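Heads up: the structure comes next, in structure tokens.
All of the numbers you see were taken from the coordinates with simple rules; none came from a lab. Because the structure is predicted, anything quoted here is derived from the model rather than measured. No Cβ is skipped: glycine too gets one built from the backbone with ideal geometry, and neighbour counts run over all protein chains shown.
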Amino acid sequence: MASKPPTGDPVQDAPQVEAPKHAAAGLPAIGHTLLMAQQQMGVRRTAQTLLKVNQKNGFDCPGCAWPEGDKRHTAEFCENGAKAVAEEATLRRVTPEFFAAHPLSDLAARSGYWLGQQGRITQPMYLPEGGDRYEAVTWERAFEIIAEELTALDSPDEALFYTSGRTSNEAAFLLQLFAREFGTNNLPDCSNMCHESSGSALTETIGIGKGSVSLEDLHRADLIVIAGQNPGTNHPRMLSALEKAKSAGAKIISVNPLPEAGLEKFKNPQTPQGMIKGAALTDLFLQIRIGGDQALFRLLNKLIVETEGAVDELFVREHTHGFEEFEAAAKEADWDATLEATGLTRTEIERALAMVLASRRTIVCWAMGLTQHKHSVPTIREVVNFLLLRGNIGRPGAGVCPVRGHSNVQGDRTMGIFERPAPAFLDALEKEFGFAPPRHHGYDVVRSIEALRDGRAKVFFAMGGNFVAATPDTEVTEAAMRRASLTVHVSTKLNRSHAVTGRRALILPTLGRTDKDVQHSGRQFVTVEDSMGMVHASRGNLAPASPHLLSEPAIVVRMARATLGARSAVDWAEFERDYATVRDRIARVVPGFEDFNAKVARPGGFQLPHAPRDERRFPTATGKANFTAAPVEVPELPEGRLLLQTLRSHDQYNTTIYGLDDRYRGIKGGRRVVLVNPEDARQLGLADGSYTDLVSEWKDGVERRAPGFRVVHYPTARGCAAAYYPETNVLVPLGSTADVSNTPASKSVVVRFEAALAAGNES
Ligand SMILES: Nc1nc2c(c(=O)[nH]1)N[C@H]1C(S)=C(S)[C@@H](COP(=O)(O)OP(=O)(O)OC[C@H]3O[C@@H](n4cnc5c(=O)[nH]c(N)nc54)[C@H](O)[C@@H]3O)O[C@H]1N2
Ligand SMILES: Nc1nc2c(c(=O)[nH]1)N[C@H]1C(S)=C(S)[C@@H](COP(=O)(O)OP(=O)(O)OC[C@H]3O[C@@H](n4cnc5c(=O)[nH]c(N)nc54)[C@H](O)[C@@H]3O)O[C@H]1N2
Ligand SMILES: [Mo]
């Protein structure tokens, strides 16, 4: 039997601290996985479900976007993937009776953890104007309400259509089609807060905003640099690929302010010897200061340029543009300034250089540690410079590897979920569907919040996600959301965003990845694209959480029919009956998807074309791969302050909190902790185990405070601190974003510490 959800809330946040671990996975992970899964699903459903994860006839794990290899294990899941699955396949239910018993004020006072633990939502729910609780509503009425509000807007640009990255290709394609036929490009998505900086930097430099390596490439690399990523927690299946690369002779450099257990050592639970001994992964750990990566790569680039024969001159001449200007800038890199910015020693950087020069095939992997700073875009461009110098793009075993987060975030963008669509994409849409899509750019996430705040946007529709909890500046964002006339959430589980509503609100419960999806033409599957551009089918096999659920494609179709009615140029109804008809349209609009239905029928799916990877062709403005030469930036840190990064614990999936432990970092039973280097702590008078408020400082002079964090002395780099998101989102100013990509700078928050009066959960 699955256990009942916890009743007590706020859940006691009382962190206990022990020594951090030095290895990831192994038997404890499996035991932990099965325990969590059985609590949510019971024993039979656990077995039935976990054996289908990432199998060729199964469903795509709703965890991360890491690809599956061609040969699958029986159990192709990881501890954290299993938690994601259990969270969705839970037997707990949130029914209309639940909403009757919990008025909005009650839901608004609950922790995100408690809300998530209540289970799957079973029926569409409506919060009428002035109402104090959600009531059951029919689907028909729900779509009428959406249509009423959308039709009443002065301009289509007063509507916002947000997408979180679990949405399938089919649903994403339909959503952007609807938004554009309705008349707006306001398609903000979680990518705006995630890998947007990677997309911006890569599009400009290599002509496509996606990674250029496959799993095979990783296995063949000589050197893998992992910067700003914690795969042991967030992409556990990546550890098997690293283990394989190591056993073929690869070296690994990790660049991180924290020593992350998963990068130190990996105990592979799928091989007997791995389970016992484990494999050391990192050969060189560069414990960098937060925000020091651009300076590090710039200096490495200078050293490469100055080493006789180190530059791949033929590649640079034939395939790149802007080398001279870049070279001049690189030569100015300065040892002392770099050591200061990075906190590294000369010897460490020289060791890194030796490994770089010894490698013929180098890959750089990165995630949020590089993308969420003010200077993220120039940082990632510098990574590209680094790879271009030695011809490491478009060669087996080499390339750029931005490791994506949500399982279909990359696919959603490919399907046109983008507030700044390329003209060619809009042309194709116009040709296929016969209406003129809007050409002016829409709002991204931060601009959407500003538009709500300023009354320029009035209807907010979310295809998944937890907008108010995931976005920065919680108080500002929540106030902005409350100004909306209608907020609509297509969701599987309850979350904070359902409690922070506009004048009217709807919750539309939907099928998840694990649920069986049957429509008029029979059983459906959907498709997703992983971090390496592989597209494949995903089929759920469980009886849906309730007979009242609609699939995401069905919800978009019905919203479109209710809103656009006879004025639509599109035959929406067929899309709901048979998703293959959606794929036929995608095939005619999106390059690389020709013969989509046939190609996706192959087990394992197909790989999308990638010009730099496949043919060393760079579809940029210059027609070449572009070197760039931005000035090196380093975050400024006034006396007595630390630079705070907001990151994930081992027991969460973004805003979904599975539990209160962060096993590898030795934190148990609580999330309100701040990790501080013991030397800094001593200087700041922060005793281990004492409680402190975090107060962020930014140029707007507004005081943002997160109260009651337990200080943990922890071996992070000097000048740096770390605490979990989403609790710390209150500290991230809405205006503090990355240049160009506008991604919230949630890994570069300047904070001071003020002793807290009481311990525990004040917020
Ligand atoms: N289990 C689980 N899996 C997930 C998620 C989850 O929440 N839980 N989230 C998914 C999503 S949407 C995403 S985007 C990914 C996120 O995957 P990650 O990017 O691994 O997630 P974070 O926890 O934000 O970790 C950031 C890492 O960067 C380091 N870092 C911080 N600042 C810097 C810096 O300035 N320089 C360098 N070099 N390193 C730095 C941190 O110490 C940390 O190791 O994971 C995906 N997978
Ligand atoms: N401070 C700080 N802020 C950050 C980050 C950070 O590192 N630090 N990371 C950023 C990143 S990388 C990201 S990606 C965003 C994440 O932002 P989001 O994607 O908006 O947030 P999630 O927590 O992943 O969304 C969880 C909700 O999705 C719904 N859901 C789950 N599965 C499905 C499904 O199949 N269909 C539908 N319709 N709904 C579903 C559930 O209701 C669940 O409550 O947060 C960003 N915010
Ligand atoms: Mo993400």
14 Å reach of a label modelled at D688, 7 Å along Cα-to-Cβ, counting backbone N of region 715-729: 715-716
DSSP beta bridge pairing in the chain, given as percent antiparallel to the nearest 5: 40
Spherically averaged projected area of region 205-403 from its Cα convex hull (nm²): 10.7
Separation in nanometres of the label points that stand 7 Å from Cα toward Cβ, at E574 and R317: 5.5
Net length gained if the chain between A598 and E475 were fully extended (0.36 nm per residue, minus Cα distance): 39.4 nm
Kirkwood hydrodynamic radius of the chain, Cα pairs, Å: 26.3
Given charges at beta-carbon only (K, R positive; D, E negative), |dipole| of region 471-597 in Debye: 560
Cα-centre dipole for the chain with unit charges at Cβ (Lys and Arg positive, Asp and Glu negative), debye to 20: 2040
Top positive-direction residue, dipole computed over region 386-469 with Cβ charges, set G455, A436, V409: V409
Added length on full extension, which subtracts the Cα-Cα distance from 0.36 nm per residue, H22 to S546: 184.4 nm
Alpha-carbon centroids, region 194-226 and region 496-561: separation in whole Å: 30
Modelled FRET efficiency - R0 41 Å, E325 with K516, Cβ distances, 0.05 increments: 0.15
Rounded, prolate or oblate (a/c below 1.5 giving rounded, otherwise prolate when a/b exceeds b/c) for region 642-755 by Cα gyration tensor: oblate
Calculated FRET value between A248 and L353, using beta carbons and R₀ = 25 Å, to 0.05: 0.65
Gain upon complete extension [R752, D132; 0.36 nm per residue less C-alpha separation]: 219.3 nm
Rounded FRET efficiency, nearest 0.05, which uses the C-beta distance separating R439 from S105 and R0 of 41 Å: 0.40
Region 391-421 and region 682-708: distance between their alpha carbon centers, rounded to Å: 36
Total charge dipole magnitude, region 467-508, about the Cα centre, Cβ charges on Lys, Arg, Asp, Glu only, Debye to nearest 20: 220
Backbone N under 19 Å from the A424 label point (7 Å along Cα→Cβ), restricted to region 185-212: 199-212
